[in-house]
Amino acid sequence: MNAVPDMIQLSARVRRIKPSPSMVARDRARQLQAQGRDIVDLTAGEPDFDTPAHIQEAVGKAMAAGETRYTPVNGTSALRKAIVAKLARENGVRYELNQISVGSGAKQVIYNALAATVGDGDEVIIPAPYWVSYPDMVLACDATPVVVRCGENNGFKLSADALESAITPRTRWVILNAPCNPTGAFYSEAEMRALTDVLLRHPHVALMTDDIYEHIRFDDGAPVCPAAIEPQLMDRILLVNGVSKTYAMTGFRLGYGAGPKALIAAMNTIQSQSTSCTSSLSQAAATAALEGDQSFVAEARQAYRERRDRAVALLNEIPGLSCRPPEGAFYVYPSCAGLIGKRTPSGTVLETDSDVLMYFLEHAGVAMVDGSAYGLSPYLRMSIATSLPQIEEGCRRVKEACEALR
Ligand SMILES: Cc1ncc(COP(=O)(O)O)c(C=O)c1O
């Protein structure tokens, strides 16, 4: 953090949290590139495709139509209607317009939900590996993240038994992200039902599902939506989604939550005192994304599938790495357990996945994110939201670097 003049006291809140490690890794790769280093950047958390043309055009049309003012706090009614229709069509769940809150990215929606519901003494269950922001958001809201490690032998998934043992009288939420960033793990309907059965027995616990990668699934299976599987939980589920990953719209900053009216109203109150509303132009673009031609979604999925297959095959040829094929999202999460304890050509012993990450960066010019950022080591997260030649070059360099270890 930059030096702050003495007069300005930092809050306990900000001292409790850290900048997003994936963003730090991305910035480090970009800085090295700016210094002229040849870096293969495999840190990206966003699609490398252009936003589809019809979505771009919707922005121009909205501007020309004068849609350049504040919108309602919870989003335009056109967008909320498009979201309600999408959730009924694709997820089999029915919501009313006042059960939807549109925010500046799924990230803000999750933050709003936590800010509106948790505080000192409350616990939030987070299966690890997790998206880097959940624990820090919980901490920023004065509550305690309860991290449950979900090992590779269980497909990196939360089991019903592990969930049951993590619940205490202070548990307020369980956050489930599937397909998961970083592992791509996805819950079958039976696995999800086992989890919803546990929640039925604990009426004080709510479920937040982060579905941001729902369309990046490699088995082409139907969505698994807990609110559709177990309608009795409908009044304690917050479904979070957005357009960032599905439609290559990360810079638009647009996400949404669907849930019980009182929760959505409270999230809107938080938003009304922070950002007021999401950009009107992003809302017009998201409406076009949800209502328009969906062919981009299948094309992108096919490209990610080819990249996943190639990346997994190449990584599994590298001594010391082993990679399980992810079921979705655009990352692979190879174990680097076989490299721990090895010595680099300059004599350093690799003790952690962060050491491995730094060795690959320094020695091979390949940037990734370390598993410790996601709560489960020793792993590395490699993004496949980049071209096949980049993935192949990255793996070639990593292989050479691994072969140079003793
Ligand atoms: C699991 C997960 N949830 C939420 C987000 C944030 O999405 P948005 O761009 O809609 O804020 C990300 C972005 O990396 C993510 O990986």
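The values are calculated or read from the model by the stated rules, or taken from the named source; none is laboratory data. These numbers come from a predicted model, not from an experiment. Virtual Cβ from ideal backbone geometry, glycine too; neighbours counted across all protein chains shown. Each accessible area value is taken on the protein alone, full model and side chains, heavy atoms only, with ligands, DNA and RNA left out. Shrake-Rupley method; radii C 1.70, N 1.55, O 1.52, S 1.80 Å.
Expressed as an acute angle from 0 to 90° and rounded to the nearest 10, what is the orientation of the C-alpha long axis of helix 53-64 relative to the principal long axis of the chain? Orientation of helix 53-64: about 50 degrees from the principal axis. Taking the longest Cα principal axis of the chain as reference, the axis of helix 261-272 is set at about 70 degrees. Candidate cross-link partners of K342 among the lysines, defined by an alpha-carbon separation under 24 Å and a same-chain spacing of 8 or more, comprise K399. Quick one: net charge around I229, please, counting Lys, Arg +1 and Asp, Glu -1 for every other residue with C-beta under 11 Å from its C-beta. Around I229, the surrounding residues sum to -3. The charge dipole of segment 69-291, taken about its Cα centre with unit charges on the Cβ atoms of Lys, Arg (+1), Asp and Glu (-1) only, comes to about 700 debye. Gain on full extension, evaluated as 0.36 nm per residue between L200 and A85 minus their Cα-Cα distance, stands at 38.7 nm. Ranking P127, G60, G155 by how far each Cα lies toward the positive end of the dipole of segment 57-160 (charges on Cβ) leaves G60 at the top.
Taking every protein chain into account, the accessible area of the chain amounts to 42 square angstrom per residue (probe 1.4 Å).
The lysines whose alpha-carbon is closer than 26 Å to the alpha-carbon of K107, local same-chain residues fewer than 8 away aside, are K18, K81, K86, K157, K245, K261. Potential lengthening of the chain between E299 and K261 amounts to 10.1 nm, from the contour at 0.36 nm per residue minus the alpha-carbon distance. Only protein atoms count toward the accessible area here, which uses a 1.4 Å probe; on the chain, the carbon and sulfur part of that area reaches 52 percent.
Contact order for the chain, expressed relative to its length and based on alpha carbon pairs under 8 Å spaced 6+ residues apart, stands at 23 percent. Placing +1 on the Cβ of every Lys and Arg and -1 on the Cβ of every Asp and Glu, with no other charges, gives the chain a dipole of roughly 540 debye about its Cα centre.
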